[in-house]
Amino acid sequence: MRTVARRDGDEYVVNGGKMWITNAQRAGLVALLCKTDPDADPPHRGISILLAEKGPGFVVSRNLPKLGYKGVESCELAFDDYRTPVTSLLGAVEGAGFSQMMKGLEVGRIQVAARAAGVARAAFEDALQYAQEREAFGKPIWKHQSIGNYLADMATKLKASQLLIRNAADEYDAGKRADLEGGMAKVFASEAAMQIALDAMRIHGGYGYSTEFDVERYFRDAPLMIIGEGTNEIQRNVIARQLVTRGGLDG
């Protein structure tokens, strides 16, 4: 982390930059993760969150171009001697930023899993409808075994994703630690969304590659959930660590 906030009287002076900040173009307030103690040992010490309002020295330097998910902007931020009052510190003391961020990631990963399930459901429903309307060799294409098998697998993956998400959300709502459940939901639902979107394109044939149909957009939107809120490679590390810590699934 290279963005640093140094104390100057009753203010922090911030210098650095941030990437892939969602909604930053429209937001008036940003939760800024930065180092308030640049000399602290890495990787997690000396990190704090400042609730930074836009002002002099705080610039949205560019809206990053993306393959899909274009309804929500992702931006690069630049801070050049940006000043914010010490009261903008989230929490009572400096250095709590990493633990604050990790607590937020539990609900964030459940939310990303739910978004992935939404993309998957849209792709499945479009494919199911198209498979009933499109005919080949005198019958709807869903009656051809290869297409019917696609639909069966898509529906199974979607339902499994929804159940994993519900389980993770229930654990979180009950006040329990849910990084294992959230990680499992996020990994499965996002990978399922990618596969379901691809299968929806296959069912649509050439039309699946056309911008006249929504399935090509689902195919572009789905990869973000695999990468965002902690990549699925990181999620698998979290899952494995929690399995050992808890002594298994039912620990």
Inset, instruction - Please identify the pairs in which a residue from region 95-124 that is more than 15 Å from residue 163 (Cα to Cα) has its Cβ atom under 7 Å from the Cβ atom of a residue that is open to solvent by 30 Å² or more (accessible area, probe 1.4 Å) and part of a helix (DSSP H, G or I), counting only partners at least 6 apart or on another chain. - result: 106/172; 107/172; 124/155
Inset, instruction - Scan region 129-148 and report the pairs whose first residue is more than 13 Å from residue 205 (Cα to Cα) and whose second residue is among the aromatic types (Phe, Trp, Tyr) and in a helix (DSSP H, G or I), with Cβ atoms within less than 7 Å and a gap of 6+ or a chain change. - result: 132/142; 148/142
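Return the total of residues in region 224-244 being in a helix (DSSP H, G or I), within 13 Å of the chain's Cα centre (by Cα) and without any contact (Cβ under 8 Å) to a residue 24 or more places away in the chain.
2
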Legend entry - The one condition in (1) at pLDDT below 95; (2) crowded, with 19+ Cβ neighbours inside 10 Å; (3) within 29 Å of residue 12 (Cα to Cα); (4) not aliphatic (A, V, I, L, M) that residue 69 fails to fulfil: (3)
Inset, instruction - Kindly indicate whether any position in region 177-193 is under 18 Å from residue 217 (Cβ atoms) and either open to solvent by 10 Å² or more (accessible area, probe 1.4 Å) or touching a strand residue (DSSP E or B) at 6+ places or on another chain (Cβ under 6 Å) (or both). - result: no
Inset, instruction - Could you tell me which residue of region 1-49 is surrounded by the fewest Cβ atoms within 10 Å (Cβ to Cβ), considering only residues that are part of a strand (DSSP E or B) and of a type in the set (Ser, Thr, Tyr)? - result: 22
Inset, instruction - Looking only at region 137-146, decide whether some residue is crowded, with 16+ Cβ neighbours inside 10 Å and modelled with pLDDT of 95 or more. - result: yes
Inset, instruction - Say whether the condition of being open to solvent by less than 70 Å² (accessible area, probe 1.4 Å), touching a residue at least 24 places away in the same chain (Cβ under 8 Å) and charged (D, E, K, R) is met by at least one residue in region 78-89. - result: no
Legend entry - Counted residues, region 97-112 - those being open to solvent by less than 40 Å² (accessible area, probe 1.4 Å) and over 13 Å from residue 31 (Cβ atoms): 4
Inset, instruction - Scan region 147-176 residue by residue and report those that are within 24 Å of residue 218 (Cβ to Cβ), open to solvent by less than 70 Å² (accessible area, probe 1.4 Å) and of a type outside the set (A, V, I, L, M, F, W, C). - result: 148, 150, 157, 161, 162
Inset, instruction - Using the structure shown, decide if residue 67 is in a strand (DSSP E or B) and under 25 Å from the mean Cα position of the chain (by Cα). - result: no
Legend entry - Complete set of residues in region 119-136 that are open to solvent by less than 90 Å² (accessible area, probe 1.4 Å) and either of a type in the set (Phe, Trp, Tyr) or part of a helix (DSSP H, G or I) (or both): 119, 120, 122, 123, 124, 125, 126, 127, 128, 130, 131
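The values are calculated or read from the model by the stated rules, or taken from the named source; none is laboratory data. Just so it is clear, the model here is predicted, and its values are computed rather than measured. Note: ideal-geometry Cβ built from the backbone for every residue, glycine included; neighbour counts use all protein chains shown. Just the protein is used for accessible areas: all its heavy atoms, side chains included, with ligands, DNA and RNA removed. Shrake-Rupley method; radii C 1.70, N 1.55, O 1.52, S 1.80 Å.
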